[in-house]
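What follows is calculated from the coordinates using simple rules that are stated; it is not laboratory data. What you see is a predicted model, and the numbers here were worked out from it, not measured in a lab. Cβ coordinates were reconstructed from backbone atoms using ideal geometry, including for glycine residues, and neighbour counts include every protein chain displayed.
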Amino acid sequence: MSRSANVLSIQTLKDFKIAMINYAEDARSALSGVDMDLRRTRDWLERDQLGFWQSQVKKRSEDLMQARADLHKRKISQQGSDTVSDAEQKEALREAQRKLRLAEDKVVLIKRLIPFLHHAIDEYHSHSQPLGDHLSGGFERSVATLERMVLSLEAYLAMSAPSAPRLDTAGVGGSAGPTSTTSGSTTAESIAENGTESTAAPAAVAEDLSPAGEPLTTGKAS
């Protein structure tokens, strides 16, 4: 079954091709920007934040050990004396413990968020990959198809309609004249050679022209 293109404007196809090219450039830029943001977020969480808080756990563990040592020294120095207080060292120990717990909670939270981030990145790639694949391969074929359509239509419009062959009417009409002349000449020659034909032919003609049922009248007397 033949299909009709129903193309109303070649310029519309050209404009659509330009729009497709602009869209592809914007889409590639958007995909590239999102990929960069995802890499930065992953690096920030896995390297910067996790590394920072792991180092803070180590440092604050050392601060806690130091606060405990200071409290122990203070307790030894206050033995046998009611004027020496260890309240400051105890407060420093509590603060060191609080800071260490905060750093440890940060490390636990980051380690729990990393799989969620990886899952979100994988889900995004599963949806964006078909578009990226089309932009890298199928899109070029689509643009080439549009270009071939435009060129084919322009070539079709540039074609001129074929002219129909003209009939030579003069040659057809003129061929009847010689035939009639030849036939007449042949009849005249035949009558001239045969004397009886000169009287028979007029009689036959007269018989054809006479009304039906009426006798044929000749010039001879009965």
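Note on Val108 and Lys73: their simple-model spin labels are 3.3 nm apart, each label 7 Å out from Cα toward Cβ.
When each of Ile110, Ile10 is scored by the number of other beta-carbon atoms lying within 10 Å, the sequence from fewest to most is Ile10, Ile110.
Residues Met149, Met36, arranged from fewest to most other Cβ atoms within 10 angstrom of their Cβ, appear as Met36, Met149. Could you run the Debye sum over the Cα atoms of the stretch 94-151, one equal point scatterer each and no solvent, and tell me log10 of I(q)/I(0) at q = 0.16, 0.17, 0.24 Å⁻¹, two decimals? Evaluating at q = 0.16, 0.17, 0.24 Å⁻¹ gives log10 I(q)/I(0) of -0.70, -0.73, -0.91. Here the convex hull built on the C-alpha positions of the stretch 9-74 has a volume of 50 cubic angstrom per residue. Here the residues Phe52, Phe116, ranked from fewest to most Cβ neighbours within 10 Å of their Cβ, fall in the order Phe116, Phe52. In sequence order, the stretch 133-138 has phi-based couplings of 5, 5, 5, 8, x, x Hz under the Karplus curve 6.51 cos²θ - 1.76 cosθ + 1.60, θ = phi - 60°, and Gly or Pro positions carry x. In a simple Cβ point-charge model (Lys, Arg +1; Asp, Glu -1; nothing else charged), the stretch 13-150 has a dipole of about 500 debye relative to its Cα centre.
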